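Asker: Below you will find the structure I want to go over with you.
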Amino acid sequence: MLVGIVGKPNVGKSTFFSALTMATAQIASYPFTTIQANRGVGYVRGKCPHVEFGKQCNPNNSICEEGTRFVPIEILDVAGLVPDAHAGRGLGNKFLDDLRQADAFIHVVDASGGTDFEGNPVGVGTHDPVLDVNFLEKEVSYWIFGIVEKHFLKLAKQAKLAGSKLEPLLAEKLTGLTITEGQIHTAFRAVASDADPTLWNDQDILKFCQALQKISKPMIIAANKADIAPPENIERLKGTGYPVVPTSAEYELALRRATKAGLVKYVPGDTRFEYVDESKLNQGQLAACNKMSDWLSKNVSTGVQGVLEEVVFKVLDLIIVYPVEDEHKLTDKQGRVLPDCYLMRRGSNAKELAYKVHSDLGDNFIRAIDAKTHMTIGHDHVLKDGDVIKIVARA
């Protein structure tokens, strides 16, 4: 799974990326600090089943800390986007090409209104952050339009002559964007245009691409710099129709670095932190920590961890499932307890989990066993969050 961090220059994207992944990224208060895309790993949290079973787990593809399973998510931080990026302005072509494989976007917006469209610093409250949401949505739609428009009418006529569906033909052209046939079908249904696609004009195709953008590249807004943002800006961003989470990437990064340095104890996403030894902090550090503590108490968290978890569990609607080889011991072939976990679409079934683990398991699927109930389940059994499943397949 890949989540892209997007937005215009100088809104705190690289700070957000570093806070989320603790990977090194160049951070500065001027546009286009990020030239090459940064890749890192963030984590979403779930309750580890080992607590329920009373057995100590041995994680392999994830991490478990005190009963919380941290599931890795690949994060991509790309160059800032400016108006007309789809036409090659700024670093637009590179930005968009880097995002082809992303499953969803976290749009980092300067909620303080302190940067203009180009990412240049202006006075706090000077720029309307809602305009940033509108322009990014437009740029991604026009990017998809630029790819679709080249083939659309030709494929539509081909499908009509053959008496076949247009969706699979179009999906073949869009595989590089990880856009599926099902998503294309849903976008067609959402567009109120002529039922015959061979009669569509550019405006019809653009409407289709706008619908496809929202379906295939869902987005959540990180209302960043919320610690200095006018409250009305946050409320106005919530009126855009996208999920909005107020964030302070600067505070989150400071807390994670302080934890790494052994100065405080802080778990990403927590509502508070503890000092390890206050005597190790100078007056400036103490003042900064007190400021962050006050803000956390009023805002529940820095929001950074919450954004990633909302995009994974709500926007993409994923659940965590644990496959095992032995449903009694909860082990794999190496004897490791609850070693692996996978993110699955809500509504996925047991056979889809088998394919997720290995194509051979899916091809040779016979049945599955729910390790919690010890009941045998069929291929179409719908999985639940936290399920522990043994897959039985032909040898």
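Laboratory data are not the source of any read-out in this text; all were calculated from the coordinates shown. Please read these numbers as outputs of a predicted model, since none were measured by experiment. Virtual Cβ from ideal backbone geometry, glycine too; neighbours counted across all protein chains shown.
Asker: Place a label point 7 angstrom from the Cα of ILE228 along the Cα-to-Cβ direction, then list the residues of segment 103-130 whose backbone nitrogen is under 18 Å away.
Answerer: 108-130
Asker: Okay, moving on. Report the extension gain between ALA287 and PHE117 in nm, rounded to one decimal, defined as 0.36 nm multiplied by the number of residues separating them, less their alpha carbon distance.
Answerer: Answer, rounded to one decimal: 57.9 nm.
Asker: Can you give me the Cα centroid spacing of segment 277-308 and segment 341-370 in angstrom?
Answerer: Value for the Cα centre distance between the two parts: 42 Å.
Asker: Starting from the Cα of ASP317, move 7 Å in the Cα-to-Cβ direction to define the label point; list residues of segment 340-367 whose amide nitrogen is under 14 Å from there.
Answerer: The answer is 344-349.
Asker: For segment 142-215, which semi-axes, largest first and in whole Å, follow from the square roots of 5 times the eigenvalues of its Cα gyration tensor?
Answerer: Square roots of five times the eigenvalues give 16, 14, 12 Å.
Asker: Right, here's the next one. If the only charges are +1 at each Lys and Arg Cβ and -1 at each Asp and Glu Cβ, what is the size of the charge dipole of the chain around the Cα centre, to the nearest 20 debye?
Answerer: 560 debye
Asker: In Å and from the alpha-carbon atoms only, list the Rg and Dmax of segment 101-149.
Answerer: Final numbers for Rg and Dmax: 13.1, 40 Å.
Asker: Report, in deg cm²/dmol and to the nearest 500, the calculated mean residue ellipticity at 222 nm for the chain, where each DSSP H run with n ≥ 4 adds -39500 (n - 2.57) and the sum is divided by the residue count.
Answerer: Calculated at 222 nm, the ellipticity per residue is -10500 deg cm²/dmol.
Asker: Next up: Distance check, please: which entries in LYS165/LYS351; LYS47/LYS238; LYS138/LYS207; LYS138/LYS165; LYS314/LYS384 exceed 19 angstrom between their Cα atoms?
Answerer: LYS165/LYS351; LYS47/LYS238; LYS138/LYS165
Asker: Now for a different question. At a temperature of 25 °C and a viscosity of 0.890 mPa s, determine how fast segment 279-390 diffuses translationally according to Stokes-Einstein, using the Kirkwood radius over alpha-carbon pairs as Rh; express D in µm²/s, rounded to the nearest whole number.
Answerer: D, rounded to a whole number, is 146 µm²/s.
Asker: With a 10 Å radius around each residue's Cβ, average the other Cβ atoms per peptide and rank 3-16, 323-336, highest first.
Answerer: 3-16, 323-336
Asker: Positive end of the charge dipole of the chain (Lys, Arg +1 and Asp, Glu -1 on Cβ, about the Cα centre): tell me which of ALA223, ASN10, ALA37 has its Cα farthest that way.
Answerer: Looking along the dipole axis, the top candidate is ALA37.
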